[in-house]
1. Filtering the stretch 71-81 down to residues that are in a loop (DSSP other than H, G, I, E, B) and loosely packed, with under 10 Cβ neighbours inside 10 Å, which residue is modelled with the highest pLDDT?
2. Looking at VAL63, VAL20, VAL51, VAL29 in this structure, which one is in contact with a strand residue (DSSP E or B) (Cβ under 8 Å, 6 or more places away or on another chain), at pLDDT 75 or above and either at negative phi or surrounded by 15 or more Cβ atoms within 10 Å (Cβ to Cβ) (or both)?
Amino acid sequence: MKIIEQEWQVDGRKGSKVEVLAQSILRRVETLCAERGWTEGYFSKMAAGDVTSVDRLRNGGKVTARKMKQMEAFLDNPPPAKRTAREEQEAS
């Protein structure tokens with residue numbers, strides 16, 4: 001039996017389903033980290049329980065489907081952004 005890997009395309013990028021999913025997660029991680037002022041390691045620790053998952057995902061290392069699902073779930077429902085001291089003061 002011959003297995004043919006289906007090619008997927010998202011936002012003009014082609015690749016296997018896993019590659020496309022990884023790229024989608026990485027874009028979302030970059031956006032959230034920029035908005036919150038987080039490092040990718042901090043996000044990785046919060047979302048997947050270790051500081052290297054995002055780095056491994058970016059560099060083609062091994063990342064389990066479970067870790068990818070944890071990152072997606074975290075991205076779908078991130079914790080509320082904390083107010084800065086200045087924002088707290090202005091709100092008072």
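The values are calculated or read from the model by the stated rules, or taken from the named source; none is laboratory data. This structure is a prediction, so every number in the text was calculated from the model and none was measured. Using ideal geometry, Cβ is built from the backbone for each residue, glycine included, and neighbour counts are taken over all protein chains shown.
1. Out of the qualifying residues, it is ASN77.
2. VAL20
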